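Everything below concerns the one structure shown next.
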Amino acid sequence: MVYWMGRDQRTADNWALLHAQELAVKKKVPLIVVFCLVPKFLGATLRQYSFMLAGLIETEEHLRKKHIAFFLLPGFPENVLPAFLVRHKCSVLIADFDPLKIRRRWKEAVDSRIAIPFYEVDAHNIVPCWVASGKQEYAAYTFRPKVRRLLPQYLTEFPSLKRHPFLFQGKHYATDWESIKTGLAADNSVSEIDWLLPGEKAAGKTLRDFIRRKLNFYSLRRNDPSSDFQSDLSPYLHFGHISAQRVALEIRKTKANKIDRDAFLEELIIRRELSDNYCFYNDNYDNCDGFPEWAKKTLESHRYDRREYLYSLDRFENSETHDKLWNAAQTELVIRGKMHGYMRMYWAKKILEWTESPEKAMEIAIYLNDRYELDGRDPNGYTGISWSIGGLHDRAWGERTIFGKIRYMSYNGCRGKFDIDSYVAYVRTLKHASGL
DNA sequence: ATCGGCTCGCGCAA
DNA sequence: TGCGCGAAGCCGAT
């Protein structure tokens, strides 16, 4: 029995792994976990690779204790996985679910090259993506009731992973992580981060810290970039170091104010799973063709509006705009690998305002997001950027230049909502600490 | 400080 | 067919 691990890189609370173990026990066969390490993945840099590999080292260790063999296979899945399955006489393949196009293509390619049953388990969402809705949802308000209705059935406790009763007897060596790391072809010009530790254990600690220190202030202060009241869980959720279902269960158990729990659960469940819904049902999640019709129309009619500021990718990347708030957000992204959630919206909308076209804006925003964010290449990233630039899951607002009816965000608006100078000063301390 | 208008379309009720 | 309302706002009037 083989679990092909993709985006759910953990041993606890993983429905794909649990299902694989259940089937393996029933068939009285050993259980293997395989991870295909591709040399290049949508512009990922050493920053993301090293966070991921550290998590996988911990995964291998946990699996070993559970008598489950772990194989790290360097190469593209369609090239390495079919031969692996034949070599070890595997009878069933189980993968976790991922709506991204590249991952779906890999699965199709593998499927066409193997003769054994191949199942997919959504281990990432609480309500499996295709169960929650059979179509692309228009907005959160259409998605919310569908998920709410199904939560009692899906937001349940997990069984624990058992020590596997059937040992893998084939040839198996512990992974040589050092040579894997030195052999990485990833772009090493983006530095690793050290303020957030990778892996399942660190994810759990981050969750407990959030509940203890921040949850009770969440609804009021989560949108204040000058203070530290975000959960910081998104990198862990992205790599699957922690399960969203586990987070939801733990949040529900706390005695925090209902208003704060609800605000957090809305983001964790509804908004996050809506992102998967969008990417799963719309192949244009990473470009302007995915925008709703009203937004395409309004952006088109403002395509040739005069832009007061026009910046190249370089100027954006180096935080060289005229706007100190935008520059601070970009600097936070580059240094820390995680931009404050509220600033992500302002940041992307300004890229639309200061580039020659929505297409170019999408390209730049996605490039910078995927290059520097620890949680880049995630459905949440594509969906958030499409919300900001293309009105996705949003409604039309007062018409204005460049944006048309896309919701606008302004420097003055931010000034009324939080202390801009304090945020800029905080980013300056990051910059000094990092030696830039 | 607070309020209303801006503006689109989904989904449900009638 | 009508109606309520939505993922994070802006702006001008009061």
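The values are calculated or read from the model by the stated rules, or taken from the named source; none is laboratory data. Just so it is clear, the model here is predicted, and its values are computed rather than measured. Methodologically, a virtual Cβ is constructed for each residue, glycine included, from the backbone with ideal geometry; neighbour enumeration extends over all protein chains shown.
Observations
- In region A:299-326, residue nearest to DNA strand B (Cβ to nearest atom) [restricted to those that are part of a helix (DSSP H, G or I) and buried (at least 19 other Cβ atoms within 10 Å of the Cβ)]: A:LEU299
Quick grid of which residues meet (1) within 16 Å of DNA strand B (Cβ to nearest atom); (2) of a type in the set (A, V, I, L, M):
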{"position": "A:ALA263", "(1), (2)": "no, yes"}
{"position": "A:GLU266", "(1), (2)": "no, no"}
{"position": "A:ARG272", "(1), (2)": "no, no"}
{"position": "A:TYR278", "(1), (2)": "yes, no"}
{"position": "A:ASN282", "(1), (2)": "yes, no"}
{"position": "A:TYR285", "(1), (2)": "no, no"}
{"position": "A:GLU293", "(1), (2)": "yes, no"}
{"position": "A:LYS297", "(1), (2)": "yes, no"}
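- Some residue of region A:203-223 being part of a loop (DSSP other than H, G, I, E, B) and not aliphatic (A, V, I, L, M): yes
- Here the condition is being of a type outside the set (D, E, K, R) and surrounded by fewer than 11 Cβ atoms within 10 Å (Cβ to Cβ); of A:THR182, A:THR175, A:THR156, A:THR142, it holds for A:THR182 alone.
- Any hit, region A:393-407, residues being of a type in the set (Val, Ile, Thr) and more than 16 Å from DNA strand B (Cβ to nearest atom): no
- The C-beta contact set for region A:51-69 (first residue on the phi > 0 side of the Ramachandran plot, second residue assigned to a loop (DSSP other than H, G, I, E, B), distance under 6 angstrom, 6+ apart or interchain) comprises A:HIS67/A:ARG163; A:HIS67/A:HIS164; A:HIS67/A:LEU167.
- When region A:369-390 is filtered for residues that are of a type outside the set (S, T, N, Q), more than 10 Å from DNA strand C (Cβ to nearest atom) and farther than 18 Å from A:GLY240 by Cβ, the ones remaining, listed by number, are A:ARG371, A:TYR372, A:ILE385, A:ILE389, A:GLY390.
- Residues in region A:391-412 that are in contact (Cβ under 8 Å) with a residue 12 or more places away in the chain, surrounded by fewer than 18 Cβ atoms within 10 Å (Cβ to Cβ), charged (D, E, K, R) and more than 6 Å from DNA strand C (Cβ to nearest atom): A:GLU399 only.
- Criterion violated by A:ALA329 - all others in (1) buried (at least 19 other Cβ atoms within 10 Å of the Cβ); (2) more than 17 Å from A:VAL190 (Cα to Cα); (3) modelled with pLDDT of 95 or more satisfied: (2)
- Any hit, region A:136-153, residues being among the charged types (D, E, K, R) and at pLDDT 95 or above: no
- A:ASP260 in contact with a Lys or Arg (Cβ under 7 Å, 6 or more places away or on another chain) and either touching a residue at least 12 places away in the same chain (Cβ under 8 Å) or under 30 Å from A:SER357 (Cβ atoms) (or both): no
- First in region A:423-436 and outside any helix (DSSP H, G or I), second anywhere and surrounded by 10 or more Cβ atoms within 10 Å (Cβ to Cβ), Cβ under 7 Å, 6 or more apart: A:LEU436/A:ILE335
- Residue count, region A:111-158 (criterion: within 16 Å of DNA strand B (Cβ to nearest atom), among the small types (Gly, Ala, Ser) and either in contact (Cβ under 8 Å) with a residue 60 or more places away in the chain or closer than 14 Å to A:ASP13 by Cα (or both)): 4
- For region A:269-295, filtered to residues that are outside any loop (DSSP other than H, G, I, E, B) and without any contact (Cβ under 8 Å) to a residue 60 or more places away in the chain, the residue that is surrounded by the fewest Cβ atoms within 10 Å (Cβ to Cβ) is A:GLU293.
- Region A:117-199 holds helices (runs of 4 or more DSSP H) entirely within its bounds, and those carrying 2 or more residues that are over 30 Å from A:PRO39 (Cβ atoms) map to A:129-132, A:140-154.
- Within the option set A:LEU233, A:LEU167, A:LEU220, being surrounded by fewer than 16 Cβ atoms within 10 Å (Cβ to Cβ) and within 16 Å of DNA strand C (Cβ to nearest atom) holds for one residue only, A:LEU220.
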